[in-house]
Amino acid sequence: MTNMVTFKVFLLLFVSDLLFTDGAHNILFPIGGLFNSKNLPDSEMVFDNIVKIGTTKVYHGRAIHSRVLDSYSTALELCPLTSDNKGFVALVDARPTHGICDITCLICNRLNISHLILGWEPPATLEHDSYTFSYHPPWELISKSYATLIKTLQWDKFTFLYEDDGSFLRLQEVINSWPYKQEQILYRKLDPNGDNRELFKYIIKVEHMSFHVLDCDVKNIQKYMEEIVKVENSTQYLSFILTALDAYTVDLKSVPDLRANVSTMHLTKLNDESWKDLDVDVEGRSVRLETALAADALHHLDKAIRSMGIATIDDSIRSQLVIEDPPSLCFRDSKADYEAVAWSLGSKLRDALLKTTCEGFTGTISFDTSGKRQNFILWYSKLNTESRFSYVGYWDSKMDVLVPQIDVTERSSARSSKNVIRIVSRNERPYFEIDETNATAKPRGYAVELTEKIFEYIKNKSKTREEFLYEFYRVKGDSYGNPIAGTKKWDGVIGELLEHNAELAICDLTITSDRNAVVDFSTPFMSLGISLLTKESEPLETNMFSFIEPLSLDVWLYLATTYIIVSFVLLICARMSQGDWVNPHPCNQNPENLQNIWSLYNCMWLTMGSIMTQGCDILPRAAGSRWVTGIWWFFALIVTASYTANMSTFLSANRRSNEIKDISELAGKTDIAYGTLYNASTYKFFENSNDTLYKKLWSVMKSAKPSVFTVSNDDGRDRVMRSKGKYAFFMESTSIEYYMQKYCNLKMIGKLDSKDYGIAMPKNSPYKSMIDSAILALQESGQLSELKKKWWEQDNDDKKCEKTEADKDDGGSLQMKNTSGIFLVLCVGGVIGTIVAIIDFLLHAHKICVKEKVTFKEAIASEWRASFNPRALHKPAAPPRSAAPSTATPSPLRERSQSRAVSVLRAASSFINFDEIY
């Protein structure tokens with residue numbers, strides 16, 4: 001007790017030494033808050049609320065809302081507002097820092113005024129600005145948490161999406177810690193004010209990137225997610241890490257198509273009830289990080305002031321204490337002027353802030369010696385199935401460890417009964433059929449076997465394991481059921497349930513709002529939609545030489561004739577032009593003879609290479625021959641381009657353009673009639689639809705003469721098959737799938753809506769919960785799929801229709817049956833080329849036979865060995881003889897025939913020049 005009294009007396013004497021003026025305040029420490037248009041309104045409101053609530057007597061304060069944004073103007077604006085004994089001992093500065101200690105920051109540090117900043121980017125000179133404290137956790141630690149998260153999620157590659165270059169500072173640890181052996185990070189800059197769909201399309205469709213780090217302003221997250229779902233339907237394969245510490249406050253339920261995995265970290269908790277103590281309504285919303293940091297800065301400042309001992313003085317003594325008014329935040333002429341007016345208690349308050357630790361909305365508030373946050377926790381959340389962020393675990397800055405904590409559980413229930421159950425159905429294959437003319441015949445079909453499996457499951461789940469007795473009967477008229485005019489009754493299977501003649505109705509009964517209003521439905525056992533049943537069109541006649549059809553026959557003939565004529569013209573010009581006669585031996589300056597390579601063969605080779613767009617290894621030199629060649633090239637360019645364009649047009653024109661590919665095409669066709677089953681669910685769908693397209697289709701169906709409506713699905717199917725493509729029938733997609741298994745010339749087009757088949761029962765039926773559980777279990781085990789496959793494909797009395805590869809849609813691609821002629825031409829050309837090569841080989845062997853005076857067989861054998869040695873790239877000009885020259889004297893008749901043949905060959909060779917082909 002003696003020590004406490006001594007301390008109070010000491011503090012009283014210390015404070016009494018301070019300046020005692022008219023401007024002194026009984027509440028010892030005046031503080032201020034600095035805000036501008038870049039700050040959240042809630043931040044300034046929370047500051048005012050905390051100051052006005054009066055939960056402490058160690059400070060008083062006021063908020064200043066700056067009307068300017070630049071640093072210099074803000075400092076000028078603060079000067080008059082803090083003059084005349086209106087200064088602050090501490091300034092909570094909520095403005096963005098932009099990584100610099102601006103003029104206000106410098107003035108505070110010169111005057112020993114504690115400068116409490118909330119921005120994410122601490123000044124680069126923070127270690128030297130001893131009076132500046134950054135309440136936002138440093139991004140080198142935040143970045144480390146995301147690097148740990150990426151390692152935990154085991155990403156092998158990812159995209160770095162950012163809005164500004166500050167992202168590279170905020171996430172520097174993520175970049176630096178990425179292993180260089182891994183696939184490099186893909187960096188892409190987003191445009192917050194533009195359309196980024198092409199960028200996302202490139203990343204997802206071209207680069208095939210599934211993992212993404214998104215560093216952006218929290219207000220733009222929803223925009224980017226909406227753009228992503230527009231370019232990628234399968235967003236369930238995508239994963240995102242949102243680096244904004246406020247990202248968990250974003251409502252992604254407004255993007256219902258987003259099914260990606262989304263993770264984020266945050267400092268504050270969702271719907272923290274402590275905000276109500278500060279008169280902040282958090283109902284249905286979350287408080288942003290900036291606002292929480294403003295509240296934590298005031299709370300930490302309050303606790304630091306109290307730690308200085310002033311709060312322990314009795315109120316009667318404290319009310320008599322006065323404190324030197326802090327200096328105004330104005331410019332001074334020199335450093336000495338700043339030191340002369342600097343606040344004397346500034347260093348003590350700074351030390352108190354450094355030493356004080358407390359708990360706030362952003363967790364533990366503790367600073368290191370440079371004024372940076374330390375020893376804090378980040379909460380880890382993921383997007384759940386309801387598009388809300390759910391808490392998963394936390395990351396500790398001390399240990400750099402991500403700790404998961406939350407799991408998800410599921411539920412189940414069951415009931416049992418032993419009543420005899422009457423089940424009504426309608427005759428419609430493959431769901432239900434019965435031969436009523438045979439008294440001993442048993443009902444069969446998908447609905448019958450589904451019922452067996454449902455009650456078998458209920459029996460196995462019940463404690464008593466009692467058998468369920470049930471019987472089927474067929475409804476009169478095979479009607480689903482419709483309201484009877486003037487009454488509240490229904491006919492068909494719905495009427496049987498309402499009259500309590502049956503306890504269950506199991507058939508191809510669609511769940512609709514009108515039916516659900518009068519009876520209960522179970523969990524759907526089959527999902528389907530309304531589709532269009534049409535007949536396959538007759539296959540088009542194929543032409544293996546379709547590649548010839550883009551040009552008419554006369555064009556082909558003119559083209560061939562022009563080719564020959566131009567080859568001869570080029571030959572004549574090349575022979576006439578002196579520029580094409582060259583010295584065969586360049587080393588000999590005075591040759592006796594000049595050489596011309598332009599034989600008819602070479603001229604035709606050049607023109608052929610041009611028209612085939614392949615070029616040629618020899619080119620003319622003289623002006624005349626070059627002019628002819630250039631004109632021919634221009635001609636070849638036009639011909640090949642025209643052929644290519646006509647080929648594309650020809651192939652497009654031969655597609656099955658007259659077929660209906662989409663239901664919307666029916667609205668523009670008058671040569672095709674279409675209808676549906678009268679007074680059934682599909683009929684009601686069109687009748688009650690407000691969609692423009694469906695209303696137009698309904699008006700056409702209703703006004704059609706003769707009527708396009710049928711009394712059964714089988715009648716509609718038969719009418720489609722007889723119509724030769726002039727009638728189409730709207731019905732449930734599952735029934736169409738069944739018909740397609742039996743009739744190969746039927747096909748299904750489109751799907752208008754999504755509907756379900758369910759088991760109908762009277763309202764408040766005791767069987768509903770049991771049947772629901774049974775259907776879910778059968779669905780999970782895959783038995784429903786197996787059951788459908790059995791009755792649609794396997795247990796079919798008629799022939800099973802399986803489409804071959806040739807019957808399937810080619811998707812617009814060019815098929816082999818239309819291009820086989822090209823391959824035939826290739827084969828014929830290859831055979832001709834081989835035959836020409838053989839003849840050339842035999843002629844060459846004959847020449848060797850005559851020149852070397854060996855037998856023809858020996859010449860062929862030696863040339864064969866020399867030419868077809870795969871390891872040799874050269875061969876001798878004269879092949880080695882395998883035997884001594886023959887000494888037999890040839891007959892005069894043979895000599896004359898040989899000389900005659902040689903003279904003919906030489907004459908042809910002199911014109912065509914076979915020996916000089918380049």
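Values computed for the structure shown
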quantity: For Phe168, Phe685, order by how many other beta-carbon atoms lie within 10 Å, fewest first; calculated: Phe168, Phe685
quantity: Calculated FRET efficiency for the pair Lys398/Lys205, C-beta based, R₀ 30 Å, to 0.05; calculated: 0.10
quantity: Cα-based shape type of segment 546-635, given that a ≥ b ≥ c are square roots of the gyration tensor eigenvalues and the cut on a/c is 1.5; calculated: prolate
quantity: Segment 663-753 - percent relative contact order, Cα under 8 Å, separation 6 or more; calculated: 33
quantity: Unit Cα scatterers, Debye sum, segment 636-779: log10 I(q)/I(0) for q = 0.09, 0.12 Å⁻¹; calculated: -0.45, -0.67
quantity: Charge sum, other residues only, whose C-beta stays under 15 Å from Ser699's C-beta, Lys/Arg counted +1 and Asp/Glu -1; calculated: +3
quantity: Phi-based couplings in Hz for segment 290-303 (Karplus 6.51, -1.76, 1.60; Gly and Pro marked x); calculated: 4, 5, 5, 5, 5, 5, 5, 5, 5, 5, 5, 5, 4, 5
quantity: Net charge contributed by nearby residues that have their C-beta within less than 10 Å of Asp435 (K/R +1, D/E -1); calculated: 0
quantity: Above-threshold pairs, the threshold being 20 Å between Cα atoms, out of Lys372/Lys398; Lys189/Lys223; Lys38/Lys144; calculated: Lys38/Lys144
quantity: Positive minus negative residues near Ile103 (Lys, Arg vs Asp, Glu; Cβ under 14 Å); calculated: -2
quantity: Between segment 685-732 and segment 745-766, the alpha-carbon center distance in angstrom; calculated: 18
quantity: Sorted by Cβ neighbour density within 10 Å, fewest at the top, the residues Leu776, Leu843, Leu353; calculated: Leu843, Leu776, Leu353
quantity: Cut-off under 5 Å, modelled amide H: who pairs with Thr82 long-range; calculated: Leu329
quantity: Cleavage-rule hits, GluC sites (Glu not before Pro), segment 520-621, DSSP coil, Cβ neighbours within 10 Å at most 12; calculated: Glu541, Glu592
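Laboratory data are not the source of any read-out in this text; all were calculated from the coordinates shown. Note that the structure is a prediction, hence the values are computed from the model and not measured. We place every Cβ from the backbone using ideal geometry, glycine too, and count neighbours over all the protein chains shown.
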